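The values are calculated or read from the model by the stated rules, or taken from the named source; none is laboratory data. All values reported here derive from a predicted model rather than from experimental measurement. Ideal geometry is used to build each Cβ from the backbone, glycine not excepted, and the neighbour counts take in all protein chains shown. Keep in mind that these areas ignore ligands, DNA and RNA; they rest on the heavy atoms of the full protein, side chains included. Shrake-Rupley method; radii C 1.70, N 1.55, O 1.52, S 1.80 Å.
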Amino acid sequence: MSEIILIVEDEGKLAQVLVDYLCQAGYEAHCLHDGLTVVPWVQEHQPRLILLDLMLPGKGGLEICKEIRAFSSTPIIMITARVEEIDRLLGLELGADDYICKPFSPREVVARVKAVLRRGKGVEPQNDTGLILDESRYRAALHGINLDLTAVEFKLLTLLAANPGRIYGRQHLMDHIYPDQRIVSDRTIDSHIKKLRKKMAVVDPDKEFIHSLYGAGYKYERE
Ligand code: CA
């Protein structure tokens, strides 16, 4: 994977501002202005992250996001012109990693890019809850006690704990743990989560870390 950040934005000036800020922050950035060119470009260049505008000529951001997710887990930050749109986008479970609403400050965009990339690299120990995730060994410990998780349970917990409070849909979780498999039932996620909760409850029965939200998915809470 290259270190290039791909910006897909048809407003030329806005795209240029993003390029300037990202370059200042030490990233390499490339711009595309037309929706039709995005998927082939991503396949060829494998960017590190994609900033994807929703409204584009040729092909819209929704469709592009779906197409990219069929072959790649490259982080995607969707950019929308309307804040109300974000709820709808979340409901569609596109597998985007974050959403930004216009108008935005370029500084904020750079901060979000950094945050999403950091998330991909691993989770810092959540010392305030006593949870420590060691990605090099797929080992999770709660209050110093090894939770003895399976690889799938570890991956689920790592994703959820990286963003406390953020709701993850089942589809998103499934794509995360089975990126190449399209035939897994989404009940599989429920069963992994159940086992994960049980293992955490053995160590800390007073706290509920993973919450399920009916019809929406799961989230991790520190408190
Ligand atoms: Ca646009």
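Could you tell me whether L6 is of a type in the set (A, V, I, L, M) and free of Cβ contacts under 8 Å to residues at least 60 places away in the same chain? Give the steps one after another, and end with the answer.
Details: of a type in the set (A, V, I, L, M): yes; free of Cβ contacts under 8 Å to residues at least 60 places away in the same chain: yes.
Criteria met by L6.
Quick one: count up the residues across the range 202-223 that are among the basic types (K, R) and not in a loop (DSSP other than H, G, I, E, B).
Looking only at that region, the number is 1.
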Q.
Checking H143 against (1) without any contact (Cβ under 8 Å) to a residue 40 or more places away in the chain; (2) at positive phi; (3) of a type outside the set (D, E), only one condition comes out false. Which one?
A. (1)
Q. When residues of the range 7-36 are filtered for being more than 15 Å from the ligand (Cβ to nearest atom), within 18 Å of A115 (Cβ to Cβ) and part of a strand (DSSP E or B), how many remain?
A. 1
Q. Could you list, in sequence order, the residues of the range 72-100 that are touching a residue at least 60 places away in the same chain (Cβ under 8 Å) and either touching a Phe, Trp or Tyr at 6+ places or on another chain (Cβ under 9 Å) or of a type outside the set (G, A, S) (or both)?
A. T74, I79, L90, E93
Q) Within the range 37-53, how many residues are modelled with pLDDT of 95 or more and either within 14 Å of the ligand (Cβ to nearest atom) or at positive phi (or both)? A) 4
Q.
Here's a check for you: in the range 37-56, which residue that is part of a helix (DSSP H, G or I) and among the β-branched types (V, I, T) is surrounded by the fewest Cβ atoms within 10 Å (Cβ to Cβ)?
A. T37
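Okay, residues lined up against (1) open to solvent by less than 30 Å² (accessible area, probe 1.4 Å); (2) more than 17 Å from the chain's Cα centre (by Cα); (3) assigned by TED's automatic domain parsing to the domain that holds Q16; (4) modelled with pLDDT of 90 or more:
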| position | (1), (2), (3), (4) |
| --- | --- |
| R69 | no, no, yes, no |
| L90 | no, no, yes, no |
| L133 | yes, yes, no, no |
| G144 | no, yes, no, no |
| A151 | no, yes, no, no |
| A161 | yes, no, no, yes |
